[in-house]
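Quick notes on the structure that follows.
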Amino acid sequence: MDILHDVLGFAAKGFVVFATVAATVLFCLSVARRKRPAGSRLRVEQLNRRIEALGDALRGKLLGKKDLRKLYKSRKKALAERDGARPNVFVLEFKGDLFASAVGNLREEVTAITAVARKEDEVVVRLESAGGAVPHYGLAAAQLLRLRDKAIKVTVCIDRMAASGGYMMACVADQILAAPFAIIGSIGVVAQVPNLHRLLKKHDVDFQEMTAGEFKRTVSVFGEITEKGRKKFQEELEDTHQLFKEFVKANRPKLDLEQVATGEHWLARRGMELGLVDRLRTSDEYLVDRAAEANLYQVTFERMRTLRERLGGAVASAARSLSAFRGFIPR
């Protein structure tokens, strides 16, 4: 009887291990396959129809059947009379983070548009960014310059924020539109470096860093920051700021840099007085007006996410859910 008991116990433990491994494998496979895109692709959506559909949803409740038939008939006739000369408006979305990661999609979208756009066409960029790393936002701004170099009109719409690197991108546009209380400006450069040298010294911990070149490392997290290194680092910040100001001035020559390139930010109502913004309008208002006279197309490049990214996204989502459950949502 004891032997039978041991065998059953061993079998039960083996089953638990097998079930755990199987459940883990199935979870990984489900995450890998969930919403898996077929591959990287360019998605194009006709926005005129979306705008009309929103209005039709309300008209269906307000108008009688006779009036609706009359409206649809007149609209169909108007569409038939349109020729191919109507301009196209290509709408892009750019939501920026610290490293402007959306630039990978932006470069593909710009490449597609420059291949087909005509001189009467326009690109509208709905931009939202608080700025970030200089090289990354410099590349994003350069992508919009590709459109300008092809003589394609560029309009940037700021509904909530385009500051620092975000404004570096916005200033490239032929016109900047902003919602009245959007945040704009912040033409400045900032760097923050924590230094643990005194803490390490207090606990008798040595940190050795070998470099070749006098200014290969000006400031360090663990090493002692010298006055010479601090001065050199400040010079680099000032030079970066100067290049930032020159870039803004080249694209918006009427700006008074002494007044606006102080690192301050403003709400768009004040920004318009300073010349940072051309008009106070939301992107929705502008696009609805353009839809009456042009063909609107939302252009979005969708990149296939790797298995690692999908697993990482699932873990991050689970962490956010757990944090929210605990009453704390990380920022």
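The values are calculated or read from the model by the stated rules, or taken from the named source; none is laboratory data. What you are looking at is a predicted structure, and each value in this text was computed from that prediction instead of being measured. All Cβ positions, even for glycine, are placed from backbone atoms using ideal geometry, and neighbour counts span all protein chains on display.
Report the residue count in segment 137-167 for those that are under 19 Å from A117 (Cβ atoms), of a type outside the set (G, A, S) and free of Cβ contacts under 8 Å to residues at least 40 places away in the same chain.
So the answer is 11.
Does A151 count as small (G, A, S), loosely packed, with under 13 Cβ neighbours inside 10 Å and at positive phi? Can you show your working first?
Values: small (G, A, S): yes; loosely packed, with under 13 Cβ neighbours inside 10 Å: yes; at positive phi: yes.
When the stated conditions are applied, A151 passes them.
Report, ordered by the first and then the second residue, all pairs with beta carbons closer than 8 Å, sequence separation of six or more or different chains, a first member in segment 220-233 that is of a type in the set (K, R), and a second member that is surrounded by 14 or more Cβ atoms within 10 Å (Cβ to Cβ).
R230/T218; R230/V219; K232/T218
Name the pairs whose Cβ atoms lie under 7 Å apart, with the first residue in segment 253-278 and at positive phi, the second modelled with pLDDT of 95 or more and of a type in the set (S, T, Y), and 6 or more positions between them or separate chains?
Note: pairs meeting the criteria are G263/S186.
Just to verify a result, which residue in segment 191-224, among those that are in contact with a helix residue (DSSP H, G or I) (Cβ under 7 Å, 6 or more places away or on another chain) and of a type in the set (A, V, I, L, M, F, W, C), is modelled with the highest pLDDT?
At the first step, the residues of segment 191-224 found to be in contact with a helix residue (DSSP H, G or I) (Cβ under 7 Å, 6 or more places away or on another chain) are 191, 207, 215, 218-219, 222-224.
From what is left, the residues that are of a type in the set (A, V, I, L, M, F, W, C) are 191, 207, 215, 219, 222.
Details: A191: 87, F207: 82, F215: 81, V219: 83, F222: 82.
Step by step, filter segment 191-224, then rank; the result is A191.
Applying the selection to segment 107-130, what residues are without any contact (Cβ under 8 Å) to a residue 40 or more places away in the chain, assigned to a helix (DSSP H, G or I) and crowded, with 17+ Cβ neighbours inside 10 Å?
V110
Looking at D174, is it under 26 Å from E273 (Cα atoms) and at pLDDT 95 or above?
Working: under 26 Å from E273 (Cα atoms): yes; at pLDDT 95 or above: yes.
Against the criterion (under 26 Å from E273 (Cα atoms) and at pLDDT 95 or above), D174 qualifies.
Going by the structure shown, is V205 assigned by TED's automatic domain parsing to the domain that holds G132 and β-branched (V, I, T)? It would help to see each step written out before you state the result.
Numbers: assigned by TED's automatic domain parsing to the domain that holds G132: no; β-branched (V, I, T): yes.
So V205 fails the test.
Would you point out the residue of segment 157-197, among those that are in a loop (DSSP other than H, G, I, E, B), small (G, A, S) and out of contact with any Ser or Thr (no Cβ under 8 Å at 6 or more places or on another chain), that is surrounded by the fewest Cβ atoms within 10 Å (Cβ to Cβ)? Working first, answer last.
Of segment 157-197, the ones in a loop (DSSP other than H, G, I, E, B) are 164, 171-174, 179-182, 186-196.
Now restrict to residues that are small (G, A, S): 164, 173, 179, 182, 186, 188, 191.
Now narrow it down to the ones that are out of contact with any Ser or Thr (no Cβ under 8 Å at 6 or more places or on another chain): 182, 191.
Working: A182: 24, A191: 11.
Here the residue is A191.
Taking E209, is it closer than 30 Å to S129 by Cβ and not basic (K, R)?
no
Please go through (1) under 24 Å from S40 (Cβ atoms); (2) over 19 Å from the mean Cα position of the chain (by Cα) for V125 and return the number of the only condition it doesn't satisfy.
(2)
Looking at (1) farther than 24 Å from V91 by Cβ; (2) exposed (fewer than 12 other Cβ atoms within 10 Å of the Cβ); (3) in the same structural domain as L47 (by TED's automatic domain parsing), which is the one condition that is false for A133?
Condition (2) is where A133 drops out.
Any chance segment 178-187 includes a residue that's within 31 Å of the chain's Cα centre (by Cα) and on the phi > 0 side of the Ramachandran plot? Even if it seems obvious, please write down each step before you answer.
Filtering segment 178-187 down to residues within 31 Å of the chain's Cα centre (by Cα) leaves 178-187.
From the residues that got through so far, the ones that are on the phi > 0 side of the Ramachandran plot too are 185-186.
Yes: segment 178-187 contains one or more residues that are within 31 Å of the chain's Cα centre (by Cα) and on the phi > 0 side of the Ramachandran plot.
Looking only at residues in segment 198-249 that are in a loop (DSSP other than H, G, I, E, B) and among the charged types (D, E, K, R), which one is farthest from A261 (Cα to Cα)? Can you show your working first?
To start, the set of residues in segment 198-249 that are in a loop (DSSP other than H, G, I, E, B) comprises 203-226.
When the remaining residues are screened for being among the charged types (D, E, K, R), the result is 204, 206, 209, 214, 216-217, 224.
Working: D204: 44, D206: 42, E209: 36, E214: 31, K216: 29, R217: 28, E224: 32 Å.
Result: D204.
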